[in-house]
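Here the structure is laid out as structure tokens; the discussion comes afterwards.
The values are calculated or read from the model by the stated rules, or taken from the named source; none is laboratory data. Values in this document were obtained by computation on a predicted structure and should not be read as measured data. Cβ placement follows ideal geometry from the backbone for every residue including glycine, while neighbour counts extend to all protein chains displayed. For the accessible areas, the whole protein counts, side chains as well, though only heavy atoms, and no ligand, DNA or RNA atoms are used. Shrake-Rupley method; radii C 1.70, N 1.55, O 1.52, S 1.80 Å.
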Amino acid sequence: MVEHTPTFLISLGDDHHKGRQIIFKKKIENISLIPAVDARKNGFVYKEFGLNLDPPDKITKLYFSRSKGAVGCFLSHYIFWKKIVELDLEYALVLEDDALPDDVENLLNSDIIHTHFDGVENPKLVQFNKRTTPDKLPWWFDGTESYAINNKAARSLI
């Protein structure tokens, strides 16, 4: 039997997204919800987290300036990283609600996550979403639909 991987779902609270949450809860045992930060109405919500918006390069500045939703997405994942550290998890899987539930169920029923993380001492993040193809890595992280991360990597990202 495959060992349980702590799994988190980032999702907004509107009716459309609540329907997606129900689907994930039916498919994935013990999934934990992280309410997504909606920055579309308040682009300065990052200040509530004690953070500054200071992108390191032009591409990132453009990304955050064109989409207030990007700020909310980042903050939602920031909450996930903090949760890994607070709960002292060795590693965990995070999903956005646009991931495909059947794919995630298959991933969790396989041994692949444990293969990547068991006994790893260095910071590690493995992206599982289908939008990122091997030819894009490591230079382009195309979305955050699903990835697993260990505690040391979460600490580094915080």
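Listed values, structure above:
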{"item": "Which listed residue, of LYS41, LYS47, is over 20 Å from PHE128 (Cβ atoms), part of a loop (DSSP other than H, G, I, E, B) and charged (D, E, K, R)", "result": "LYS41"}
{"item": "Residue that is most open to solvent (accessible area, probe 1.4 Å) [pool: residues in the range 58-76 that are under 17 Å from the mean Cα position of the chain (by Cα) and small (Gly, Ala, Ser)]", "result": "GLY69"}
{"item": "The range 6-24, residues that are in a loop (DSSP other than H, G, I, E, B) and touching a residue at least 12 places away in the same chain (Cβ under 8 Å)", "result": "PRO6, LEU12, GLY13"}
{"item": "Output for the range 77-106, where each listed residue is crowded, with 19+ Cβ neighbours inside 10 Å and either closer than 19 Å to ILE22 by Cα or free of Cβ contacts under 8 Å to residues at least 24 places away in the same chain (or both)", "result": "LEU93, VAL94, LEU95, GLU96, ASP97, ALA99, VAL104"}
{"item": "Positions within the range 7-17 being at pLDDT 90 or above and either open to solvent by 70 Å² or more (accessible area, probe 1.4 Å) or of a type in the set (Gly, Ala, Ser) (or both), in sequence order", "result": "SER11"}
{"item": "Hey, ASN30 under 23 Å from ASN150 (Cα atoms) and outside any helix (DSSP H, G or I) or not", "result": "yes"}
{"item": "Hey, LEU89 assigned to a loop (DSSP other than H, G, I, E, B), of a type in the set (A, V, I, L, M) and in contact with a Phe, Trp or Tyr (Cβ under 6 Å, 6 or more places away or on another chain) or not", "result": "no"}
